[in-house]
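One structure is given here, and the rest of the page talks about it.
Nothing in this text is a laboratory measurement; each read-out follows from the coordinates by a stated rule. These figures come from a predicted structure and were not determined experimentally. Here the Cβ positions follow ideal geometry from the backbone for every residue, glycine too, while neighbour counts run over all protein chains shown.
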Amino acid sequence: MFEIFASTDAWVALITLTFLEIVLGIDNIVFISIAASKLPAKDQKKATNWGLALAMIQRILLLIGVSYLIALQEPFYTIDNSWITVGLSWQSLILFFGGLFLLYKSTSEIHEKVDIPKHGETKLSQKKITSFSKALLQILLIDFIFSIDSILTAIGMTNGLGEKPNDALIIMIIAVVISILIMLIFANAIREFINKHPSMQLLALSFLILIGFMLITEAAHLSHTVIFGQEIGAIPKGYLYFAIAFSLFIEFLNMRLKKKINYVKDDNKTA
């Protein structure tokens, strides 16, 4: 069952995906906290914990459902004319439209965070929640919205890994479970870190643009798309892993530089 973890690519995908799930899940934690804060103090922690636990189950079920659809690789319709040939399958359609969704979602999220921060939080804080069950329902709806890009990210990171059909699904489920558990235990610490370094979340959203583009090219490759005699090839996932690792390395160098500059400024003030 876990033979996939004999592969280095599987471990890189698991670690990278877990990191992205945590960073991209910060907004989810914030919205869940806002929904739970409308309850009496004794119910707030319970609502948050139950909400995250149900969110994890919801994401796993959605992953299983989407993975089943992606396994449908046989073309049900073929386009063949003088300049384009493509065999449409459910797999290629899900990857293609999933990639388009990630491109749209990531660019709109970056726009909102840069130009109208706290917009979504303000809208949610104005809604009335009068009971524990209504809070849980609100949390599940919030997580469903956030689950879409989370699931598409997981698919983009793991599609094609392993020799067995369920290998990628195992990696995705483990990454979701680990990320939810980490958010349950370290939610406040993670939130404080992201608030202190907002560029980290923008960086994660930028990764979604890369993953969205990769999903689109992979959809074209798996549907054997040929345009003007040129077949669309797949982008090796190693390029994606390298881009993410290199970007994070530069970001951590930037964080250290800022910390050093602030330390020097504080030192000069006290001198």
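Comparing Leu257, Leu54, Leu95 in a Gaussian network model of the chain, where Cα atoms under 10 Å apart are tied by springs, the biggest mean-square fluctuation is seen for Leu257. Dipole size of the chain about its Cα centre, with +1 on Lys/Arg Cβ and -1 on Asp/Glu Cβ: approximately 1500 debye, rounded to the nearest 20. Helical content alone sets the calculated 222 nm signal of the chain at -26500 deg cm²/dmol, taking -39,500 (n - 2.57) per DSSP H segment of four or more residues and averaging over every residue.
By how many nm would the segment from Leu248 to Ser199 grow when fully extended, if each residue of separation counts as 0.36 nm and the alpha-carbon distance is taken off? Gain on stretching Leu248 to Ser199: 16.6 nm. Can you list, largest first and rounded to whole Å, the semi-axes you get for the chain by taking the square root of 5 times each eigenvalue of its Cα gyration tensor? Equivalent-ellipsoid dimensions as semi-axes: 35, 25, 18 Å. A straight chain from Arg256 to Ile110 at 0.36 nm per residue would run longer than the Cα-Cα distance by 50.2 nm. In the range 3-266, with Lys and Arg counted as +1 and Asp and Glu as -1 at Cβ, which of these residues, Gly156, Phe19, Ile171, has the Cα nearest the positive end of the dipole, that is, farthest along it? The listed residue farthest towards the positive side: Phe19.
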